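The values are calculated or read from the model by the stated rules, or taken from the named source; none is laboratory data. Because the structure is predicted, anything quoted here is derived from the model rather than measured. Using ideal geometry, Cβ is built from the backbone for each residue, glycine included, and neighbour counts are taken over all protein chains shown. Please note that ligands, DNA and RNA were not included when accessible areas were found on the heavy atoms of the full protein model with its side chains. Shrake-Rupley method; radii C 1.70, N 1.55, O 1.52, S 1.80 Å.
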Amino acid sequence: METWVDVAEVDSLRPGTCRTVEAVGRQFALARVADEFHLIDNACPHRGSSLGAGTVDGLHLYCPLHGWAFHLGTGACAERPDKPVRTYPVQVRLGKVWANIGTS
Ligand code: FES
């Protein structure tokens with residue numbers, strides 16, 4: 001089932017950065033690469049650190065705790081291919097970032 005929610009204002013995130021956002025009682029990491037936005041689960045699958053506090057380099061987001069790298073497009077983890085993060089479709093409309101976080 002599709003559930004589109006407003007997760008942030010476009011202007012709230014500079015290109016090349018990320019932050020944690022909340023929607024429907026859940027936390028996500030929102031990253032901006034140039035004018036594209038990417039949303040992934042916030043909890044790192046290693047030890048649960050907040051990926052929204054990480055750093056962005058190109059299309060990778062690096063966990064702030066031990067530096068695992070996650071591809072923002074696919075969620076793939078470079079260090080542990082068996083530990084990807086979930087990614088969510090994102091759209092920009094009317095100055096806001098919308099994400100389809102689904103419900104299942
Ligand atoms: S908690 Fe993210 S790499 Fe260890």
Practice problem: Within the stretch 1-39, count every residue that is of a type in the set (Gly, Ala, Ser) and touching a helix residue (DSSP H, G or I) at 6+ places or on another chain (Cβ under 7 Å). | Solution: 1
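Name the residue that is farthest from ARG93 (Cα to Cα), counting only residues in the stretch 52-70 that are open to solvent by 40 Å² or more (accessible area, probe 1.4 Å) and among the aliphatic types (A, V, I, L, M).
The initial filter retains those residues of the stretch 52-70 that are open to solvent by 40 Å² or more (accessible area, probe 1.4 Å), namely 53, 55, 57-60, 62, 64-66.
Next, only the ones that are among the aliphatic types (A, V, I, L, M) stay: 53, 59, 65.
Values: ALA53: 25, LEU59: 22, LEU65: 33 Å.
The residue in question is LEU65.
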Quiz item: What residue, among those in the stretch 68-82 that are of a type in the set (A, V, I, L, M, F, W, C) and either more than 15 Å from LEU30 (Cβ to Cβ) or within 14 Å of the ligand (Cβ to nearest atom) (or both), is modelled with the lowest pLDDT?
Solution: ALA78
Quiz item: Taking the stretch 30-51, which residues are among the aliphatic types (A, V, I, L, M), within 11 Å of the ligand (Cβ to nearest atom) and surrounded by 23 or more Cβ atoms within 10 Å (Cβ to Cβ)?
Solution: LEU51
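Specify which of the listed residues (LEU61, LEU65) is under 11 Å from the mean Cα position of the chain (by Cα), within 11 Å of the ligand (Cβ to nearest atom) and among the hydrophobic types (A, V, I, L, M, F, W, C).
LEU61
Given the structure, is ARG14 more than 15 Å from the ligand (Cβ to nearest atom) and either assigned to a strand (DSSP E or B) or surrounded by 19 or more Cβ atoms within 10 Å (Cβ to Cβ) (or both)?
Details: more than 15 Å from the ligand (Cβ to nearest atom): yes; either assigned to a strand (DSSP E or B) or surrounded by 19 or more Cβ atoms within 10 Å (Cβ to Cβ) (or both): no.
No, not satisfied.
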Exercise. Given the conditions (1) part of a strand (DSSP E or B); (2) surrounded by 14 or more Cβ atoms within 10 Å (Cβ to Cβ), report the number of the one that VAL85 does not fulfil.
Key: (1)
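I'd like the residue in the stretch 90-100 that is open to solvent by 70 Å² or more (accessible area, probe 1.4 Å) and either of a type in the set (Val, Ile, Thr) or outside any strand (DSSP E or B) (or both) and, out of all such residues, is nearest to SER49 (Cα to Cα). It would help to see each step written out before you state the result.
Step one: filter the stretch 90-100 for residues open to solvent by 70 Å² or more (accessible area, probe 1.4 Å), giving 91-94.
Now narrow it down to the ones that are either of a type in the set (Val, Ile, Thr) or outside any strand (DSSP E or B) (or both): 92, 94.
Values: VAL92: 27, LEU94: 32 Å.
The selected residue is VAL92.
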Practice problem: Could you check, for the stretch 83-103, whether at least one of its residues is within 11 Å of the ligand (Cβ to nearest atom) and of a type in the set (Gly, Ala, Ser)? | Solution: no
